[in-house]
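J.: Sharing a structure, written as structure tokens. Questions coming.
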Amino acid sequence: MNLAFLLGGVFVSVALAAQLASTLTVFLRFRRRDYCTGSNAPPVSIVRPVCGVENFIEETLRSTFLLDYRCYEIVFCAAEKNDPVIPVVQKLIAAYPDIEAKVLIGAATVSSNPKLNNLIKGWYGSRHEWTIMADSNVFMPRDYIQRMLSAWRDDTGLVCSPPVGSRPQNLWAELECAFLNTYQARWQCFADSVGLAFAQGKSMLWRRDLLESAGGIEALARDIAEDAAATKIVHRLGLRVRLVSSPFSQPLGHRTASEVWDRQLRWARLRRKTFPFFFFPELLVGAFPPLIIASIAAAAAGWSVIDIAATLMLVCYGVEACLAYRAGWHFFLAVGRYLHPA
């Protein structure tokens, strides 16, 4: 029992240390900002796959037209000509005639990944050496391109940004925010800070010649997920994946329990299949495993389980709240407004 108690104490201590270290590292990250690339900034192509009418879709797509950048083009990609999002795209193109933009329709069949099949025509239909692939539900701030380009270094093969959840409209959307922000974005930013960054498909900046040297966009079909394939391609080139210092937001709106669960389960399965050695340690990350171990140890020692659990949760979620405040990320506090709406 003494050995089990000791091992439990070591596990909880290591888990807490990981929580504090990752949070502090990312907290300090927000002292800097990727910023303007100057008047010699290169022209950029933005390729955005679209499929269906999502929450805030017109707002997120409109943000592509409002960027404060000298020279860029927008290429929207839709797989089906009767997709209901196409009229939204066409309306926006008509509303901003000074921005070079077009929509391409059709899908290739190079992989089982429908997003990649949709993207391929946009890759070949865009013109510039620097190309950003950005999901339709990413909201782009006015300095979006500058922040992507400014993260590029001589040893970089790809710049990405994880999604940060914003504007949740119900309890399940709040839960998804918790997953996206102070858990997933925190660990991904921490991995970047220690040189272990991996690609995230929400926003990916490529230098076209690098991807072409690895077999072109079709090479992203080598894995079940295009961002996993991108990570492996960049590493094979002897280069690094880098993240923008401050991730871009994804407005969530209303979510159902099944939507949140299915999405998290799908992402977990993809991580398990593509990076198994990094997936299994996830089982030990977060507040739940140390909470269970600490509660069992407290009960065995005759201590107050409630006091131990409350202290542990206060430490874990307290530091996450501080990080969210520092980063400007949404953090859930007002539970009552969903349980007892006005």
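J.: So which residues in the range 103-121 are out of contact with any helix residue (DSSP H, G or I) (no Cβ under 7 Å at 6 or more places or on another chain) and among the charged types (D, E, K, R), if there are any at all?
T.: Within the range 103-121, just 121 meets the criteria.
J.: Which condition number does residue 91 fail, the rest of (1) crowded, with 19+ Cβ neighbours inside 10 Å; (2) more than 23 Å from residue 259 (Cβ to Cβ) being met?
T.: Among (1) crowded, with 19+ Cβ neighbours inside 10 Å; (2) more than 23 Å from residue 259 (Cβ to Cβ), residue 91 violates only (1).
J.: For the range 188-195, does any single residue satisfy the condition of being more than 21 Å from residue 54 (Cα to Cα), touching a Ser or Thr at 6+ places or on another chain (Cβ under 8 Å), among the charged types (D, E, K, R) and in the same structural domain as residue 19 (by TED's automatic domain parsing)?
T.: The answer is no, given that none of the residues of the range 188-195 is more than 21 Å from residue 54 (Cα to Cα), touching a Ser or Thr at 6+ places or on another chain (Cβ under 8 Å), among the charged types (D, E, K, R) and in the same structural domain as residue 19 (by TED's automatic domain parsing).
J.: In addition: Quick one: which residue in 329, 303 is among the hydrophobic types (A, V, I, L, M, F, W, C), in contact with a strand residue (DSSP E or B) (Cβ under 8 Å, 6 or more places away or on another chain) and in the same structural domain as residue 19 (by TED's automatic domain parsing)?
T.: Result: 329 is the single residue among 329, 303 that is among the hydrophobic types (A, V, I, L, M, F, W, C), in contact with a strand residue (DSSP E or B) (Cβ under 8 Å, 6 or more places away or on another chain) and in the same structural domain as residue 19 (by TED's automatic domain parsing).
J.: Given the criteria among the polar types (S, T, N, Q) and loosely packed, with under 15 Cβ neighbours inside 10 Å, does residue 169 qualify?
T.: yes
J.: Run residue 131 past the list (1) of a type in the set (S, T, N, Q); (2) more than 25 Å from residue 152 (Cα to Cα); (3) in contact with a helix residue (DSSP H, G or I) (Cβ under 6 Å, 6 or more places away or on another chain) and report the number of the one that doesn't hold.
T.: Against the list (1) of a type in the set (S, T, N, Q); (2) more than 25 Å from residue 152 (Cα to Cα); (3) in contact with a helix residue (DSSP H, G or I) (Cβ under 6 Å, 6 or more places away or on another chain), residue 131 comes up short only on (2).
J.: While we're on this one: Test residue 64 against the stated conditions and say whether it is touching a helix residue (DSSP H, G or I) at 6+ places or on another chain (Cβ under 9 Å), among the hydroxyl-bearing types (Ser, Thr, Tyr) and either under 22 Å from residue 252 (Cβ atoms) or free of Cβ contacts under 8 Å to residues at least 40 places away in the same chain (or both).
T.: For residue 64, the condition - touching a helix residue (DSSP H, G or I) at 6+ places or on another chain (Cβ under 9 Å), among the hydroxyl-bearing types (Ser, Thr, Tyr) and either under 22 Å from residue 252 (Cβ atoms) or free of Cβ contacts under 8 Å to residues at least 40 places away in the same chain (or both) - is met.
J.: Looking only at the range 121-158, filter to residues that are in a helix (DSSP H, G or I) and of a type in the set (Ser, Thr, Tyr); which one of those is surrounded by the fewest Cβ atoms within 10 Å (Cβ to Cβ)?
T.: Result: 124.
J.: Sticking with this one: Criterion first (surrounded by 18 or more Cβ atoms within 10 Å (Cβ to Cβ), in contact with a Gly (Cβ under 7 Å, 6 or more places away or on another chain), of a type in the set (A, V, I, L, M) and touching a residue at least 60 places away in the same chain (Cβ under 8 Å)) does residue 75 satisfy it?
T.: So residue 75 does not fit the description; no.
J.: Right, another one. For the list (1) in contact with a strand residue (DSSP E or B) (Cβ under 9 Å, 6 or more places away or on another chain); (2) in the same structural domain as residue 61 (by TED's automatic domain parsing); (3) not polar (S, T, N, Q), I need the number of the one condition that residue 108 fails.
T.: All conditions pass for residue 108, except number (1).
The values are calculated or read from the model by the stated rules, or taken from the named source; none is laboratory data. A quick note: this is a predicted structure, and the numbers were derived from the prediction, not measured. All Cβ positions, even for glycine, are placed from backbone atoms using ideal geometry, and neighbour counts span all protein chains on display.
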